[in-house]
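The values are calculated or read from the model by the stated rules, or taken from the named source; none is laboratory data. Since the model is a prediction, treat every value here as computed from it, not as a measurement. Cβ placement follows ideal geometry from the backbone for every residue including glycine, while neighbour counts extend to all protein chains displayed. The protein model used for the area step is the full one, side chains on, heavy atoms only, and it has no ligands, DNA or RNA in it. Shrake-Rupley method; radii C 1.70, N 1.55, O 1.52, S 1.80 Å.
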Amino acid sequence: MALTPRQRARVSRGVQYLIALVVVLVVAFTADWGAIGRAFFDVEVAASLFPDVVTVALKNTVVFTALGYLLALGIGLLVALMRLSSVRVYRWVAALYVEIFRGLPALLVVLSIGVGIPLAFGTLLDHTLSITLALGIVGGAYIAETIRAGIQAVPPGQVEAARSLGMTPARTMVFIVLPQAFRTVLPPLTNELILLTKDSSLAFLLGTTLAQQELSQFGRAALNQVRSLTPLLVVGLCYLVITIPLSYLARRLERRFGSAEKVDA
Amino acid sequence: MIEIRGLHKSFGSTEVLKGIDLEVARGEVLCIIGASGSGKSTLLRCVNLLETPTSGTVVVGGHEMTDPDCDLDVARRSIGMVFQQFNLFAHLSVLRNLTIAQHRVLGRARAEAERIGRENLARVGLAGREDAHPSQLSGGQQQRVAIARSLSMQPDVMLFDEPTSALDPELVGDVLDVMRSLAAEGMTMLVVTHEIQFAREVADRVLFTDAGVIHEIGPPEQVIGNPRQERTRTFLSRVLHPGAKPPESDSPSAG
């Protein structure tokens, strides 16, 4: 007996619901809910984490991310312009930079900066400076590619119009190309900020004192002191407090600017 | 005003301009006609050096554009250019489109730049649209803003690169009217166009180009009314009577 397409779709959907139901039931009956509750939802432990989890850990995460991101934007813009330069050496240096720091795990970069620079130059870098530098270098490699794509998406006619009005290449870039490029790449730049927020957890490799702890390190340290996994939950929620509004912002920006740049169809 | 000598331009191994000699006097209106791919846009773009000529010299208003020591950014201030695709700055309001170069290139104060911008906006019949964004305007309005943007720099020469080719037919008239009044005011104009009627009516001279050379140049009565060259005649009959069968089929299809 042959099924009509509509019947087939109904059967297929029924099977999918059934599978989902089975998975939920299996988890619900096999998990030890009491243990999970004790492990993750210990109110007393959660309360003991405040206010430090906000005033120290969350604050540090935000500060490291913000500083790192600012540096990354600067590096990204510079490297993007170098990649599009008519000077071959600039293009090579920029391409090399992007390939290296996009290809390496962020963890290696953080370690190299934090441990390598003091060894190589004999000076101890400030903790915040080290992590800012590392995040800026890593984020800059990704942002450079994003900004380059944004610049290349600006129709060449915009440049021709500006140049034929007598604008220099630099003025054309600053007043005509970059403002339009940044609009198109605002959503991916926001996503980059989210990624960097999570990468800031690598500060644990360099941090030592209590005051230097950001969220992840704070959570791990707390785990060693209490017999509960609750700190993970609290710290996780703190990350989401930062990242969910950001991804909401990215979606709004995408709707606002995403397709508005197609001038000449 | 404009003096072109021995102009050659190649893209890779394709030679698009094969030795152009041309002089345009102050206040003259020269219309450039010819089939697609005949090099007429490239010729125009070589005048303000948006394309770098392979060889030859281009002198505009005393600036030798082809001299490597020529400051093109300065020379271009007095050469307006209007594009087929308008190329209004998409992120700026109409008024900012008119003032940004005055402000950033000529160093005019904001108030003065805005006054000149508004004057020119009124000149192209768009007073009151200062705050609109380019995307909110029709193609014909965008093109008139683009003309006003060039005029705000108070240029000595205006270059038009197929200014009406991207427009819906019913919007062409307004743009041509603006160009007509510009010509009447004595602006030196080079116009690459497919509007044969406009060329016949407004041009002081018409230039017919084909395969990278000037085939025929002279007053419109001659080049359009009574062309000497067979090529010109074929082209004109194709443009003027698009549906009709060409008298001879010796050249590839024109667009």
- request: Take B:Thr54 and decide whether it is polar (S, T, N, Q) and within 12 Å of chain A (Cβ to nearest Cβ).
  value: no
- request: Identify, by number, the condition in (1) surrounded by fewer than 19 Cβ atoms within 10 Å (Cβ to Cβ); (2) within 20 Å of B:Gln85 (Cα to Cα) that B:Ala111 doesn't meet.
  value: (2)
- request: Answer yes or no as to whether A:Val93 is farther than 27 Å from A:Ile242 by Cβ and in a helix (DSSP H, G or I).
  value: yes
- prompt: Which ranges mark the strands (runs of 3 or more DSSP E) fully within region B:132-242 that have 1 or more residues being at pLDDT below 95?
  reply: B:205-210, B:213-218
query: Can you find even one residue in region B:60-75 that is among the β-branched types (Val, Ile, Thr), more than 9 Å from chain A (Cβ to nearest Cβ) and more than 30 Å from B:Glu230 (Cβ to Cβ)?
result: yes
field: Criterion: open to solvent by 10 Å² or more (accessible area, probe 1.4 Å) and either more than 14 Å from chain B (Cβ to nearest Cβ) or in contact with a strand residue (DSSP E or B) (Cβ under 7 Å, 6 or more places away or on another chain) (or both) - qualifying residue of A:Ile147, A:Ile137, A:Ile151
entry: A:Ile137
- request: Restrict the check to region B:127-146 and report whether at least one residue is within 13 Å of another protein chain (Cβ to nearest Cβ), touching a helix residue (DSSP H, G or I) at 6+ places or on another chain (Cβ under 8 Å) and open to solvent by 40 Å² or more (accessible area, probe 1.4 Å).
  value: yes
field: Single residue of region B:83-105 satisfying the filter (within 8 Å of chain A (Cβ to nearest Cβ) and touching a Lys or Arg at 6+ places or on another chain (Cβ under 8 Å)) that is most open to solvent (accessible area, probe 1.4 Å)
entry: B:Arg104
message: I'd like to know if region A:40-49 contains one or more residues that are within 20 Å of A:Thr243 (Cα to Cα) and open to solvent by less than 40 Å² (accessible area, probe 1.4 Å).
response: no
Pairs with Cβ under 8 Å, 6+ apart, first in region A:165-186 and more than 9 Å from chain B (Cβ to nearest Cβ) and closer than 22 Å to B:Ile147 by Cβ, second of a type in the set (A, V, I, L, M, F, W, C) and in a helix (DSSP H, G or I): A:Thr172/A:Val159; A:Thr172/A:Ala162
message: For region A:112-132, give me each residue that is hydroxyl-bearing (Ser, Thr, Tyr) and either free of Cβ contacts under 8 Å to residues at least 40 places away in the same chain or part of a loop (DSSP other than H, G, I, E, B) (or both).
response: A:Ser112, A:Thr123
- request: Please specify each residue of region B:59-82 satisfying the condition of being in contact (Cβ under 8 Å) with a residue 40 or more places away in the chain, out of contact with any Leu (no Cβ under 6 Å at 6 or more places or on another chain) and open to solvent by less than 10 Å² (accessible area, probe 1.4 Å).
  value: B:Val60, B:Ile79, B:Gly80, B:Val82
message: Restricting to region B:106-119, name every residue that is small (Gly, Ala, Ser), more than 22 Å from B:Gln142 (Cβ to Cβ) and within 14 Å of chain A (Cβ to nearest Cβ).
response: B:Gly107
